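Nothing in this text is a laboratory measurement; each read-out follows from the coordinates by a stated rule. Just so it is clear, the structure is predicted and the values come from calculations on it, not from any experiment. All Cβ positions, even for glycine, are placed from backbone atoms using ideal geometry, and neighbour counts span all protein chains on display.
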Amino acid sequence: MNDILHESVFTPLENDRKALSDSIRGRLIHSLGKDPLSATERDWLNAVSLAVRERMLERWIFTRRNYQAADAKRVYYLSMEFLIGRGLVNAMLNLGIYDAAREALAEFGVDLERIEELEPDAALGNGGLGRLAACILDSLASQCLPGFGYGIRYEYGMFTQEIRDGFQIEHPDTWLRYGNPWELPRPEALHPVRFYGHLITHYRGDGEAQHFWEDGETVYAMPYDLPVPGYGGGNVNNLRLWSAKASRDFELEYFNEGDYIGAVEQKNVSENISRVLYPNDASQAGRELRLKQEYFFVSASLQDILKRHHDDDHTWEALPEHVAIQLNDTHPAIAVAELMRLLVDEHDLTWEAAWDITVRTFAYTNHTLMPEALETWPVELMSRVLPRHMQIIYDINHRFLNEVRHCFPGDQDLLRRVSLIDEDHGRRVRMAHLAVVGSHHTNGVAALHSELLRNTLFNDFYRIMPARFVNVTNGVTPRLWLHQANPGLSRFIDEHVGQEWVHDLNRLTELEALADDAEARANFREIKLANKRRLAAYIERTVGVQVDPQAMFDVQIKRIHEYKRQLLKLLHVVTLYNRIRDGHADDCAARVVLFAGKAAPAYVMAKQIIRLINDVADVVNNDPLVGDRLKCVFIPNYGVSSATVIIPAADLSEQISTAGTEASGTGNMKLALNGALTIGTLDGANIEIRDEVGADNIFIFGLHTDEVEALRRNGYDPMNHYRDNPQLARCLNMIASDFFAPDDPHRHKAIVDSLLYEDRYLLLADYAAYVQAQDQVDQVFRDKEEWTRRALLNTARMGYFSIDRTVQEYARDIWGIERNCASQR
Ligand code: 26V
């Protein structure tokens, strides 16, 4: 066969301005059929995206060839969520053609900075877990590691948030409305996925039982491939997202009855599987469609992986030498049963051989300790939707419990606790137990979190199989969160340490000396100020509130949840407001308190919190007594794109979850990397951030995990704090009264009651320490030089939290994969 993929096609010259402008023109006219004289900004966006895509696809093919030639071991990252954001700027910067593209577009009279804003975010995730998956893909590609994502191509991603009269209103995220230039549909590479039906058991001559899963419904999984460009453009990896397609004979039954319209309606119903991303609601709801989503993408992905393995002429026994599969939380944990089914039922392996392969192939990452977030499925539901998997799970459980019984004879309660079936809450399958038992490693995402997994949630498993439990602390990609989001600071870093930091973030330590250099500090401060001006303009545009860029930008940006304690921050806002009204704040620094984040649509308390933030903001921002000394703003529709505007402008990063509740946090890392100082509890990765930046350069306050635990054990009464702290009582009284809601005096009573009578997350217990730590923040902020010194040291010392370090640890300790760079071209 002729190799028509000529090496010469993409010499670096090809990427120059002239070549790019030729291909933008070509795409506009020949791919989109648009007249350059009447092309809209969106037409130009599509044209430049296609031109940039062309430049990725050859490298993409070469990368695959290269992995193939080396017979490289691959990792497959199975995740229900990939919170990717926009593609164009990322691709251009990673390929090194941003400036060339800007100049090329300028020739056509088109402003790149304007049109890049028109691209919708690919928001196929809820928050931390989904964004981590996107950072990991970026890192795998940037480090030439053979790693591929598998997920779902949701037609509607994370809902968009509108704030109307202070309330959150959700709107569907129609991100595919104008098409998606970054995806390549592969309608020829479908896999069938079955649901429902029943089991038939045959006994072979040797007495072995053979199980056949029959009837039921078949839906097809159709792949869409998204190229993932690494930084420097060397390797381009792949993210494969599955979309549900009705089988072509979906209509048979209906057609036989002559019901043509009924047949087409049925097609819509089966294609609902990939329709919409589920928001993390107040608790794990247990919806049938969600279970079908999980199995749908897992089954398609495993069939795809096994097909590739088979096409490479490898035996099933050799699977763990060639393939590692990472389960991003328990959402894909049904994969353990599905791989068993494929190996035993479809490929005729013995149970023992299949189990050995399965456990050596999978690894599992846990992302939360919150009991209400742990996935369990009613046995009744699983038996109906996936009858063969339910049977396999029983078999796995039976054998596992036998082993435990053997090692810990006589401990009945241990068996009950580790069983894959929870018998106490109406018979449910515990997906976390399935994931732990079916994997060679289970990891937490920060040192404290992993320790808590070993000591609490998975303590029984840890005693049975201690070597399975490891920690891999999260990280963030410096490509997006520094290089792209903060070009001013990136240039500053380039000037002082060169450009290597983008793939070796530890190089930032070379900035440390600058903390004591007045000129460097002045430059660093100027960069921050410019970023704050940009954010101030964004706030004025989106919310209509004017803020002073010289004030301290105090930000809490994350999903709205009681455990993250947005209300604690808000109590501090009310406290500051009262001081101003009392005339006790004359030498305090001016503050702009910024909140952003989405509440799950069914999470009533989270939505009330948003309402309260907006009510407080309304009063504070319009009180002439306050002026510019205090502003409070809720920025709507937080997402990857708005994060890239907010984070570079932050002075203070709020990481104030109750100790023991936030698995890691990654926003904490992005903010500190961009030179914000953290105020935080000893929770999640905050502890490691303190260890890296130094205790003098972070504001730590509040109860420790053991103190939280002791307080709860001994019967915590929040009312004591209300009684003992008049300042706190005054804030709560104001919120409970009509002060912030003159039109509806009882609006916020539920919030205050929940704090006074339950306070699950110990806000009142931490309030005094928090206010005290904030007073220190204030004092340091007023010393501009000292604040800048600490901010610069934060940036200089955050190298450890590069996602590249995280991925290296997974590659070495869990996946056993190696670098494999496509030839330098
Ligand atoms: C949490 C909750 C809380 C209770 C209500 C229902 C519910 C549903 C889902 C979740 C969290 C889902 C998993 C998740 O996103 N975890 C986040 O993972 C990040 C990446 O590892 C980590 O930095 C965050 O701390 C962790 O919350």
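Per residue, what volume in Å³ does the convex hull of the Cα atoms of region 404-493 enclose? List each step's numbers first, then the result.
Details: hull volume 12.5 nm³, N = 90.
Dividing the Cα hull volume of region 404-493 by its residues yields 139 Å³.
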Relative contact order (percent) for region 471-620, with alpha-carbon contacts under 8 angstrom and 6 or more residues of separation? 18
For region 69-180, give the magnitude of the charge dipole about the Cα centre (Cβ charges: +1 Lys/Arg, -1 Asp/Glu; no others), in debye to the nearest 20. 520
Which whole-Hz couplings ³J(HN,Hα) result when phi for each residue of region 176-189 is put into the Karplus expression 6.51 cos²θ - 1.76 cosθ + 1.60, θ = phi - 60°, listed in order with x for Gly and Pro? 8, 3, 9, x, 10, x, 8, 10, 10, x, 10, x, 8, 10
For region 395-402, Karplus couplings with θ = phi - 60° (6.51, -1.76, 1.60), whole Hz, Gly/Pro x: 5, 4, 4, 4, 5, 5, 5, 4
Report the net charge of residues surrounding Gly498, where surrounding means a beta-carbon distance below 14 angstrom and charges are Lys +1, Arg +1, Asp -1, Glu -1. -3
Spherically averaged projected area of region 282-350 from its Cα convex hull (nm²): 5.3
The chain: relative contact order from alpha carbon pairs under 8 Å, six or more residues apart, as a whole percent, is 14
Expressed in angstrom, Rg and Dmax over the Cα atoms of the chain are 27.5, 91
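What size of dipole, in debye to the nearest 20, comes out for the chain about its Cα centre when the only charges are +1 on Lys and Arg C-beta atoms and -1 on Asp and Glu C-beta atoms?
Values: 88 positive and 120 negative charges, 119 e Å.
Its charge dipole is roughly 560 debye.
Using only the alpha carbons of region 753-825, what is the convex hull's orientation-averaged projected area in square nanometres? Mind showing how you got there, number by number?
Numbers: hull surface 43.4 nm².
Orientation-averaged projected area of the Cα hull: 10.9 nm².
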Per-residue ellipticity at 222 nm attributable to helices in the chain (runs of n ≥ 4 DSSP H, -39500 (n - 2.57) apiece, nearest 500 deg cm²/dmol) works out to -13500 deg cm²/dmol
Quick check: net charge around Ala551, other residues with Cβ under 10 Å of its Cβ, Lys/Arg +1 and Asp/Glu -1? 0
Relative contact order (percent, whole number), region 638-791, Cα cutoff 8 Å, 6+ residue spacing: 20
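Going from the alpha-carbon gyration tensor of region 44-96, what semi-axes, largest first and in whole Å, does one get by taking the root of 5 times each eigenvalue? Can you show the working numbers first?
Working: eigenvalues 123, 63, 14 Å².
Equivalent ellipsoid semi-axes, largest first: 25, 18, 8 Å.
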Do any cysteines in the chain lack another Cys Cβ under 4.7 Å, and if so which? Cys135, Cys407, Cys588, Cys632, Cys731
Which order do the peptides 803-816, 174-187, 554-567, 96-109 take when ranked by the mean count of other beta-carbon atoms within 10 Å per residue, highest first? 554-567, 803-816, 96-109, 174-187
Give Lys558/Lys598; Lys73/Lys307; Lys528/Lys598 a once-over and call out the pairs whose C-alpha atoms are over 19 Å from each other. Lys528/Lys598
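So if the hydrodynamic radius of region 122-255 is defined as the Kirkwood radius over C-alpha pairs, what does Stokes-Einstein give as its diffusion coefficient at 37 °C and 0.692 mPa s, in µm² per second?
Working: Rh = 18.5 Å.
For these conditions, the coefficient is 177 µm²/s.
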Environment charge at Leu414 (Cβ cut-off 13 Å; Lys +1, Arg +1, Asp -1, Glu -1): 0
P(r) over all Cα-Cα pairs of region 350-444, 10 Å bins from 0 to the longest distance, whole percent per bin, short to long, reads 15, 44, 38, 3
